[in-house]
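Trainee: To start, I am sharing the structure in question, which I have written as structure tokens.
The values are calculated or read from the model by the stated rules, or taken from the named source; none is laboratory data. In this text, all values refer to a predicted model and were calculated from it rather than measured experimentally. As a convention, Cβ positions derive from the backbone with ideal geometry for all residues, glycine included, and neighbour counts pool all protein chains shown. Areas reflect the complete protein model, heavy atoms only, side chains present, ligands, DNA and RNA absent. Shrake-Rupley method; radii C 1.70, N 1.55, O 1.52, S 1.80 Å.
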Amino acid sequence: MKSIRMLVVLSCLLTGISHAAETSDSATAAERWVAAKFLGVNQPPPSGKSFLEARLKPTALARDRIEGHSLLIVDQKFDNGIAMRSPGEIVVHLSSDASTFQGLVGVDSNDLGYYANTGRGSVVASIEAGGRQLFESTVLHEGMKAIPFRVELAGARAITLRLKAVGERPPTYQAEWDQADWGDATVTLTDGSKLPLSSLPTGPLAQDYSSNPPFSFQFGDQLSVDLLKKWPVDRSTRRLDQQRTEYTSVYQDPATHLVVRCVAVAYRDFPIAEWTVYFKNGGGERTPILQDIKALDTEFEGDAQGAMVLHHSRGSSDAANDYEPLETALPPGAQEHFASVGGRGTDGEMPYFNLASSGRGVIFALGWPGQWSLDLSRDQSTQVHVKGGQELTHFWLAPGEEVRTPLAVVQFWDGDWIDGQNVWRRWMIAHNLPRPGGKLPAPFVSGGSGRYTIEMQFATEENQKKYIDQTLEDGIPIDHWWMDAGWYPFTVGWWKTGTWDPDPKRFPNGLKAVADYAHAKNLKVILWFEPERVTQGSWLDQHHPEWLLGPDGKDKLLDLGNPEAWHWLVDHISGMIAGIGLDVYRQDFNFPPLQIWRAHDAPDRQGITEIKHIEGYLAYYDELRRRFPNLLIDTCASGGRRNDLETLRRAVPLWRSDYPYKPISQQGETYGLSLWIPYYGTAINSLDPYIFRSQMTPAVGFGLDHQQIEGQHPTALHLLKQWREVVGYFYADFTPLTPYSLDSNNWMAWQWNRQEDGSGVIEAFRRESSPFPTAQLKLRGLDPAAHYRVTNLDSSQETEFTGNALMEQGLPVTLQDQSSSALLMYRKSAQKK
């Protein structure tokens, strides 16, 4: 009965995921990967594909060479073959019937250590097919000559190579010598063609489809790859909605009662799966040490004939190259390390990665608003091992205590890496962007009292009302009124945070008086907070020092892992939101928390304070959204340093970087950020069209006051009208049309394309030192046979091209002046007869 239920679940799963793209390799890869990892069902090969399924320790499969050396058994070298560098199994899945399998097997003799290895290793190699054992070796040790084998397969389409460690193990025994080479291992198919095993990928697209979970940890002195095979597991499935199915796997250690719960979600409309792992002490005693917890630990396979490239991005660090897209080549033997800086999830590095190889690939990401790290290592063939999660974990759990890992996401794609990015963008819009009031956040223009933070130090009820009136009288079509830092009492400057009440001298009627005034003008209200940073002498510092973490004399951290502090914050801020009638809650975070977290942990509890704080931070946002369903939350964190996926499911970054105004860097920020995040904002500080368009985002802060736009009202209204014409396309597919560059000699351009109606927008910039008046921009995603009418929004000039011409020859864009820009719209028209 259990096996029948599993087949029904698997059938529903395969039908569900492939609904999005029934014939695509990415949908097939996703469905099979989910079934293997979260249902424990090892997958058969898809038709037309032959591949290896490695049921070994991570990185234990090698092809042709071991750390640069040919396979070697005693004095016999092999130019082709596979090495099993740990006991386990390799299943050879074949696309058609096989007749024979032959080669030689033995323990490898490459001495890569410090000692002679003669006689080491003690293993038995065997071959199975069709439910029968066809070959079994004697006990193999290093120094024994290779044993030849040839077995008849009788039409089999799957062969299992098994390596088993045997014999007694003295305390000093080195288990790494329990390994073997399968030299010249070749399958002959019934049509006479030969398949060397070393030529087969580990999966038909990007993964070994074994049932090993895609996460790992060490518990005591044992690794999860060994432990979870022994622990009982309970699996359950439930449909969350039409597009999402949840898979829960619960493992429990019979000895310590540690419960490991993996909660995964597979998407019906995207080739995407995500998961979070929870650890709970279900016993009555302290657990052994849990350490090296990796939310993502799995392997991906590239094409043996093509290069492998990792696409990733810089995070935000108040620099001209914030969000710069990067490409890292991954040749055989490559090793790469990535990590955030200082405990904020996108400070320095973005936790989003796209691994591309010959027209297919996989995106993987970590959602963690804290300190994460990720390591990639490629073997000497085409396999890439990925391990990532919270950077430091080494702790025990008290009875009843539970903690979580970062969120992990995997997305499969076909085409090229830009195709993969646009699948990701569509998924972000469909399933991740917050929806206050049940709707996607609309593009908007906000006004404020000039230069935001500087001016808000001098804000009063009176001047805020005055600035609102001036902005509206100037005809600026704002939607929101933005009040930034400085509305609370302080003695020195806005950065003295920790007292979250309006300054009674400047706002005798509270902030509600300003909010009511704005609401009466049909404006929504944005208000800035920074609750986690607490400065000396503030209300929190004086009244609740027990809630604060960090050394004396410096800014401290409000511990969101402290239940009393968390409840106070939720209730106090909720009272303000309700009392003011706030529409947008803006949260900043202007210092790195990592050293405070780590200094607070005992040596055997490293990582706990960070986990508890992040759990509290996310729960805080969730509770605000529960209490105020129409509330939009803005995440800032020194300008874009918390743009991780968990945060972006709850908030949007209205201030994408603290490097906000220089046009070339602004172009670069839009270019880089749009690959991953579809909704973000910055400020407009110029009515020069070149600068204005460099700063156009879905949410713009109009940072020019009454005096600055005097005499330029028509220009301001014209540019904002153009912004409204095109801003809806920021939700469309994004394609870079030029390479990324911050060089003033270059052009930069990109395309927003709506495939559903054949329309789009092109933004192009000729920079200040560019000697080239014309750029030929090859568009993407068009119908080659259709005709497209292209309109220049500055001149209203229209031209017509075929889709094929726009994609193959390109759209010629001419800008006679340096430091100038073009804003073009196109729409598919009826094909000429």
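Trainee: Return the residue satisfying two criteria in turn: it lies in segment 113-142 and is open to solvent by 40 Å² or more (accessible area, probe 1.4 Å), closer than 17 Å to ALA180 by Cα and not aliphatic (A, V, I, L, M), and of such residues it is modelled with the lowest pLDDT.
Mentor: That would be GLY113.
Trainee: Quickly run through segment 331-367 and pick out the residues that are outside any strand (DSSP E or B), under 15 Å from the mean Cα position of the chain (by Cα) and aliphatic (A, V, I, L, M).
Mentor: Selection gives MET350 alone.
Trainee: For LEU815, all conditions in the list (1) farther than 19 Å from GLN666 by Cβ; (2) open to solvent by less than 30 Å² (accessible area, probe 1.4 Å); (3) not aromatic (Phe, Trp, Tyr) hold save one; what is the number of the exception?
Mentor: Only one criterion in (1) farther than 19 Å from GLN666 by Cβ; (2) open to solvent by less than 30 Å² (accessible area, probe 1.4 Å); (3) not aromatic (Phe, Trp, Tyr) is unmet by LEU815, namely (1).
Trainee: Please list, ordered by first then second residue, the pairs with beta carbon atoms under 7 Å, 6 or more apart or interchain, first in segment 438-454 and more than 14 Å from HIS706 (Cα to Cα), second open to solvent by 40 Å² or more (accessible area, probe 1.4 Å) and at pLDDT 95 or above.
Mentor: Partner pairs satisfying both residue conditions: PHE444/ASP479; VAL445/PRO477; VAL445/ASP479; SER446/ASP479.
Trainee: What is the residue count in segment 493-505 for residues that are modelled with pLDDT of 95 or more and touching a helix residue (DSSP H, G or I) at 6+ places or on another chain (Cβ under 7 Å)?
Mentor: 3
Trainee: Residues of segment 771-785 being more than 14 Å from VAL813 (Cα to Cα) and surrounded by 17 or more Cβ atoms within 10 Å (Cβ to Cβ), which ones?
Mentor: ARG780, GLY781, LEU782
Trainee: While we're looking at this one, here's another question. If you go through segment 501-537, how many residues are surrounded by 21 or more Cβ atoms within 10 Å (Cβ to Cβ) and among the small types (Gly, Ala, Ser)?
Mentor: Residues in segment 501-537 being surrounded by 21 or more Cβ atoms within 10 Å (Cβ to Cβ) and among the small types (Gly, Ala, Ser): 2 in total.
Trainee: I would also like to ask the following. Kindly establish whether LEU330 is free of Cβ contacts under 8 Å to residues at least 60 places away in the same chain and open to solvent by less than 10 Å² (accessible area, probe 1.4 Å).
Mentor: So LEU330 passes the test.
Trainee: So, one more: Select the strands (runs of 3 or more DSSP E) contained entirely in segment 276-321, then report the ones holding at least 1 residues which are more than 23 Å from the chain's Cα centre (by Cα).
Mentor: Passing ranges, in order: 290-294.
Trainee: Within segment 33-40, is there a residue that is among the small types (Gly, Ala, Ser), farther than 15 Å from TRP182 by Cβ, open to solvent by 10 Å² or more (accessible area, probe 1.4 Å) and modelled with pLDDT of 90 or more?
Mentor: No, every residue in segment 33-40 fails to be among the small types (Gly, Ala, Ser), farther than 15 Å from TRP182 by Cβ, open to solvent by 10 Å² or more (accessible area, probe 1.4 Å) and modelled with pLDDT of 90 or more.
Trainee: Here's a follow-up. Just the residues that are over 24 Å from THR28 (Cβ atoms), of a type in the set (A, V, I, L, M) and open to solvent by less than 20 Å² (accessible area, probe 1.4 Å), please, taken from segment 262-289.
Mentor: Of everything in segment 262-289, just one residue is over 24 Å from THR28 (Cβ atoms), of a type in the set (A, V, I, L, M) and open to solvent by less than 20 Å² (accessible area, probe 1.4 Å), namely VAL277.
Trainee: Given (1) within 30 Å of ASP559 (Cα to Cα); (2) among the basic types (Lys, Arg); (3) out of contact with any Phe, Trp or Tyr (no Cβ under 9 Å at 6 or more places or on another chain), identify the lone condition not met by LYS496.
Mentor: Among (1) within 30 Å of ASP559 (Cα to Cα); (2) among the basic types (Lys, Arg); (3) out of contact with any Phe, Trp or Tyr (no Cβ under 9 Å at 6 or more places or on another chain), LYS496 violates only (3).
Trainee: OK, next. Those residues that are open to solvent by 30 Å² or more (accessible area, probe 1.4 Å) and in contact with a His (Cβ under 7 Å, 6 or more places away or on another chain), I need them from segment 605-625; list them, please.
Mentor: If the condition is that a residue be open to solvent by 30 Å² or more (accessible area, probe 1.4 Å) and in contact with a His (Cβ under 7 Å, 6 or more places away or on another chain), then GLN606 is the only one that fits.
Trainee: Can you pull out the residues in segment 661-680 that are open to solvent by 10 Å² or more (accessible area, probe 1.4 Å) and either part of a helix (DSSP H, G or I) or in contact with a strand residue (DSSP E or B) (Cβ under 7 Å, 6 or more places away or on another chain) (or both)?
Mentor: Within segment 661-680, PRO663, ILE664, TYR671 meet the criteria.
Trainee: Turning to a different aspect of this structure: Residue pairs, Cβ under 9 Å, 6 or more apart or interchain, first in segment 218-238 and at positive phi, second aromatic (Phe, Trp, Tyr) and assigned to a strand (DSSP E or B). List them.
Mentor: Matching pairs, first to second residue: none at all.
Trainee: Exactly one of these conditions fails for ALA21: (1) modelled with pLDDT under 85; (2) open to solvent by less than 20 Å² (accessible area, probe 1.4 Å); (3) farther than 16 Å from LEU195 by Cα. Give me its number.
Mentor: Going through the list (1) modelled with pLDDT under 85; (2) open to solvent by less than 20 Å² (accessible area, probe 1.4 Å); (3) farther than 16 Å from LEU195 by Cα, ALA21 breaks only (2).
Trainee: While we're looking at this one, here's another question. Across segment 576-613, what is the number of residues that are within 25 Å of ILE526 (Cβ to Cβ) and of a type in the set (A, V, I, L, M, F, W, C)?
Mentor: 8
Trainee: Kindly list the number of the only condition in (1) open to solvent by less than 10 Å² (accessible area, probe 1.4 Å); (2) at pLDDT 95 or above that fails for GLU349.
Mentor: Just one mismatch for GLU349, condition (1).
Trainee: Give SER657, SER638 a once-over and let me know the one that is in a loop (DSSP other than H, G, I, E, B) and at pLDDT 95 or above.
Mentor: Result of the check over SER657, SER638: SER657.
Trainee: Now a separate question. Out of the residues in segment 752-784 meeting the condition of being in a loop (DSSP other than H, G, I, E, B) and polar (S, T, N, Q), tell me which one is farthest from SER821 (Cα to Cα).
Mentor: Restricting to residues being in a loop (DSSP other than H, G, I, E, B) and polar (S, T, N, Q), the top hit is GLN755.
Trainee: Does segment 56-80 hold any residues that are at pLDDT 75 or above, under 28 Å from the mean Cα position of the chain (by Cα) and open to solvent by 50 Å² or more (accessible area, probe 1.4 Å), and which are they?
Mentor: none
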